1. Given the residues 465, 515, 471, which is the only one that is open to solvent by less than 10 Å² (accessible area, probe 1.4 Å), at pLDDT below 95, farther than 12 Å from residue 395 by Cα and not in a helix (DSSP H, G or I)?
2. May I ask you to list the residues in segment 167-180 that are touching a strand residue (DSSP E or B) at 6+ places or on another chain (Cβ under 7 Å), open to solvent by 10 Å² or more (accessible area, probe 1.4 Å) and either part of a strand (DSSP E or B) or of a type in the set (D, E, K, R) (or both)?
3. Which of the residues that make up segment 854-890 are in contact with a Ser or Thr (Cβ under 8 Å, 6 or more places away or on another chain), of a type in the set (Val, Ile, Thr) and free of Cβ contacts under 8 Å to residues at least 40 places away in the same chain?
4. Just name the residue that is least open to solvent (accessible area, probe 1.4 Å) out of those in segment 560-575 that are outside any helix (DSSP H, G or I) and out of contact with any helix residue (DSSP H, G or I) (no Cβ under 7 Å at 6 or more places or on another chain).
5. Considering each of 864, 868 in turn, give the residue that is loosely packed, with under 14 Cβ neighbours inside 10 Å and under 24 Å from residue 437 (Cβ atoms).
6. Please go through segment 657-700 and pick out each residue that is among the small types (Gly, Ala, Ser) and within 21 Å of residue 725 (Cβ to Cβ).
7. Just checking, how many residues over segment 339-370 are part of a helix (DSSP H, G or I) and open to solvent by less than 10 Å² (accessible area, probe 1.4 Å)?
8. Count, please, the residues in segment 94-104 that happen to be under 15 Å from residue 42 (Cα atoms) and assigned to a loop (DSSP other than H, G, I, E, B).
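The values are calculated or read from the model by the stated rules, or taken from the named source; none is laboratory data. Being a predicted model, the structure only gives us computed values, none of them experimental. All Cβ positions, even for glycine, are placed from backbone atoms using ideal geometry, and neighbour counts span all protein chains on display. For accessibility, only protein heavy atoms count, side chains too; no ligands or nucleic acids. Shrake-Rupley method; radii C 1.70, N 1.55, O 1.52, S 1.80 Å.
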Amino acid sequence: MQKTSILFHEDGSYTIPRITQFSNLYFPLFNYYGMKSAITPTLHGDIKIDQNHFGMIPVSQEDLKNPLNARNIFFRVNGECWNVTGLTPYQKYHLDDVTLENGLLYQKVLRKNDLFQVEITSFVPTNDSFTELHKVIFKNLSKSSLKVKTVVGIPIYGRSADNLRDHRHVTSLLNRIHIVKDGIINVPSLSFDERGHQKNTYAYGVFAKSSLHTKVEHYWPILHEFIGEGQDLFYPEVVSSNKSNTYQVGDVLEGYEAMGGFEYNEVKIPNNSVLELIVSFEIHSDIQPLLKSQVDLSTNLFDSLLEENKAFWKKDLITSDFTIGSVDFSGWLRQVGIQPLARRIYGNSFLPHHDYGKGGRGWRDLWQDSLELVLKNPKEVKDNIISYFKGVRIDGTNATIIGSKKGEFKADRNQIVRVWSDHGAWPFLTLDFYINRTGDIDILLEKQGYFKDKFTHYTKRVDTNYKEKINNDLLTVENQVYLGSIIEHVLIETLTAFYNVGEHGNIRIEDADWNDGFDMAGSQGESVSFTHMYVGNIKKIISVLEEFLKNGVDTWSFLEEFQYLLDINEDVSKLSPVQKQDKLNFYFDHVSHKISGKKISLSTKALINDLRNKYLSMESHLNSQEWITSKNNEFGCYNGYYDNEGVRVESLDEPSRMTLTGQVFPMMAHIASHKQIEQIIHTVNHYLYSDKVKSYHLNSRFGKNKMNIGRFMGFAYGHKENGAFFSHMTIMYAYSLIENGYVKAGEKVIDDLVDYLLDINKSKILPGIPEYIDPEGRGMYHFLTGSASWVIITVVEQMFGIKSIYGDFIIQPQLASHHFRNDIAKINVLFHGHIISITYINPKQIDYGKYKITKASFNQKNLDFEDDYCKITPTLIGQNGEIHITLGEK
């Protein structure tokens, strides 16, 4: 394999020569309307709008190695067969020079040989349609004319992904394939899958138009006829021979696998001349709109839509448009900025690595994906946050089936109910970020209902009196829908977790936590890691309540039963784990069916005191009971878990066992002291760091699988949740280090990971951040990972230092000298509806820790500042503009 490199451009696009020497590469193409495509440099992948409507055959990672069901566009040149996919016998022996260009949601592939080149540009328009467009430009590079026959051959799958292994042939009998001018449309008569038998109206169409032809010579609507008896898509008969048929516009074929096949007459293309082909794949709920596509295939329209696409995503992604360090680092961040958007559209499914699920997002995803969205559209986030809280049960757990509509949650009718012990912690993390970024503290006063189904007591019991309702609303004894404040929801999630402890005093792990692989310790397992997170949340909730107190809010109204979660006149530090569980069950018993509907009044001071006592008792417990050291005290870390036998998982004695998760959350919650953090850094570097990848294992080797922790122990070490280089936790580790003042250590974590990922010869992945890196060094599970939001947040808040406190921004640069390009580092932020460009100027290339602010201005008007920071408020900044911060020596 020849070494290659990624060349970034200023607009965030990049080119990669010799791209086809890498396997398993793919790129998402989508729009907000819901079109979802996956495309590879060989034009493989698939097209779909949801689980039940796939235009092309669904693919997983392994299918990418056998990519014949692709977006095939063949050229027979002087008698030799050639395909834009590179998959013909001739091309296997005469390799093309292939360069990939990817930008903000478009792909361009250039295939070149001695005779000709073909450029294929692909994208999904940003309009309200399910359309994927391609422009193919064949250019003659030889000194003489070339005889060229053009054939389009894109198989049309046109049904549910379930049918791939469920009645694949029988569902082809439903196909009704219409030949229209410049198009082939398949409208199956029925769909049958797990939803039952239903009349189908959805249409799947492939359309094509050539610049050198006035018409299609032969339409090929049936897959096996296009291929030919005894042949395959590697060398189909339509391309290799002069086979013909009598199909014509207006024909309707029935009962076979559909093919978007178009054959054009052979033409002579002079040297330096081109043939342009526009191809579209479209899905619609009715055939009529697709019939219009035959008149919409023009180069001018394609070019116009492509420019609209580029402009739309440039504007939409403005808050991830950074100038930081090299062009490569800045460009990489632009690509990472795409990823939170992709997860909003694809959920956790529909890309080749993500070959599971049906497109929904999990509870944790709703909240983490909102973090990045706060930076670009806080109004939408506010509406989302309020709607998401409808998924909270009154016992502090949450709905596990999340509907496609905003705020839609469903009961688990399969009774496969699980409780992730960390789920109650993420909502407040996102809510707190939103409040500080916008100053909208009053969101906590908004009202929302609770999710109600038959499960109670952390799903350990069933409410036998419950009758399923359409809206799954919690009712009062008077059968009124109960609405509680957002802060009430937060406190119920937090305080039920506080009491739900195991024998060691930490929050029970239940069915798993953030690490889904820790799923076999439901009886006696405890998550110390997320005990830290909940305790950190309590401290932040106290801070929010103190802010309300400053603003004159001295009383709160809660549901009557909430009082059972308080310890107003008790010393909570003396409660044993059993007593905490008893208190929790007493609360559960009172809210298991309906609630009284009555309210209690509680003073802000009393609530703060109660929460502070809870916080102090747990902080003391965590530092006294869960901090462990090696025998010689050289190494120290927090224990993160207890297994299903109640045994501490982590140990620094041989054989040592350690998790990165167990260290991140104590730092993020500001429970670890500086002395402890310094020891954690030393210990993490010793036990979890890899020189090969220059990153950190999620955990060290745990040895024999005793079936008492989780399924992750069954995975090969270094894969997925068993010790992979897991990006999400690595980025949160960097965030926590910088947040606690270890700026250089945290930024090194980021820099090292980015440097590795941008060496495609090692990472074998397109720019962006994967879920993890496997033992061979390959990036895995690209695009749909929560780590992308954390990358953006870390760069904005911790590296650029654009922090916020109740709507005011604190600008406190923490960039290293190499993060300045030509003395400049630049970021765009949204500040109370205004786009503000913030530029740091470091003319002497001074490193972090040695510079101070020497000048600050907004739109050329001076701003007040301190040595380390500049504070801006809505009264100072009331319009779009530019802030310039000049740095000089301390």
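1. Details: 465 fails: open to solvent by less than 10 Å² (accessible area, probe 1.4 Å); 471 fails: open to solvent by less than 10 Å² (accessible area, probe 1.4 Å).
Only one candidate passes the filter, namely 515.
2. 176, 178
3. 854
4. Of everything passing the filter in segment 560-575, 575 is least open to solvent (accessible area, probe 1.4 Å).
5. Checking each option against the conditions leaves just 864.
6. Once the filter is applied, which keeps residues that are among the small types (Gly, Ala, Ser) and within 21 Å of residue 725 (Cβ to Cβ), segment 657-700 yields 662, 690, 695, 700.
7. Qualifying residue count, segment 339-370: 11.
8. Matching residues across segment 94-104 total 2.
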